[in-house]
1. Filter the cross-link list K17/K45; K45/K100; K17/K100 down to pairs whose alpha-carbon distance in this structure exceeds 19 Å.
2. Quick check on the chain: take the gyration tensor over C-alpha atoms, sort the square-rooted eigenvalues as a ≥ b ≥ c, and tell me if it's rounded (a/c under 1.5), prolate or oblate.
3. With charges set only on the Cβ (+1 for Lys and Arg, -1 for Asp and Glu), what does the dipole of the chain come to about its Cα centre, in debye to the nearest 20?
4. Please turn the phi angles of the stretch 68-79 into ³J(HN,Hα) values with the Karplus equation 6.51 cos²θ - 1.76 cosθ + 1.60 (θ = phi - 60°), one per residue in order, whole Hz, x for glycine and proline.
5. Among L82, P14, Q31, whose Cα sits farthest toward the positive end of the charge dipole of the chain (+1 at Cβ of Lys/Arg, -1 at Cβ of Asp/Glu, about the Cα centre)?
6. For the chain, which whole-number percentage of the solvent-accessible area (1.4 Å probe, protein heavy atoms only) is attributable to carbon and sulfur atoms?
7. For the chain, what is the accessible area per residue in Å², given a 1.4 Å probe and the full set of protein chains?
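The values are calculated or read from the model by the stated rules, or taken from the named source; none is laboratory data. Note that this is a predicted model, so its numbers are computed, not measured. Quick reminder, even Gly has a Cβ in these numbers, built from the backbone with ideal geometry, and neighbours come from all protein chains shown. Please note that ligands, DNA and RNA were not included when accessible areas were found on the heavy atoms of the full protein model with its side chains. Shrake-Rupley method; radii C 1.70, N 1.55, O 1.52, S 1.80 Å.
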Amino acid sequence: MPKLIVDGVAVEVPAGKRLVNALVDEAKSDQLHSCGGQARCTTCKVEFMSGQPPQMTQAEKEVLTTRGLIGLPDLRLSCQILCDHDMSVQTISRFAGSGKKDAGGRPADQIEPPAVWTSR
């Protein structure tokens, strides 16, 4: 099982689980995911401390580019990442203090839209 360190706290995560769901389920984080994990917003973004995946989905690349975040090398969308190795992240967008009515609908178990992998 991959080890995930979230805001300094380590948890084990089932291999292949979406990072956004691991943040909520295993790390007990109140991570936002307003679009339900569809790579349409950036509320699920995290900052990588270590273990950043070398690839990203085309959907993630497009939304980060559109939002002007593609040049920030450690920011990624947790809804577009699978936990298949050890990684360490800091949460950025949390439900507490957001003013939103909820964190967003639960993302599906598989990456949506269907992953088309590309280089960062």
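1. Working: K17/K45 16 Å; K45/K100 16 Å; K17/K100 26 Å.
Beyond 19 Å between Cα atoms: K17/K100.
2. rounded
3. Computed about the Cα centre, the dipole is about 360 debye.
4. In residue order, the calculated couplings are x, 10, 5, x, 8, x, 9, 8, 9, 8, 5, 6 Hz.
5. Result: Q31, furthest along the dipole toward the positive end.
6. 53 percent
7. In whole numbers, the chain has 49 Å² accessible per residue.
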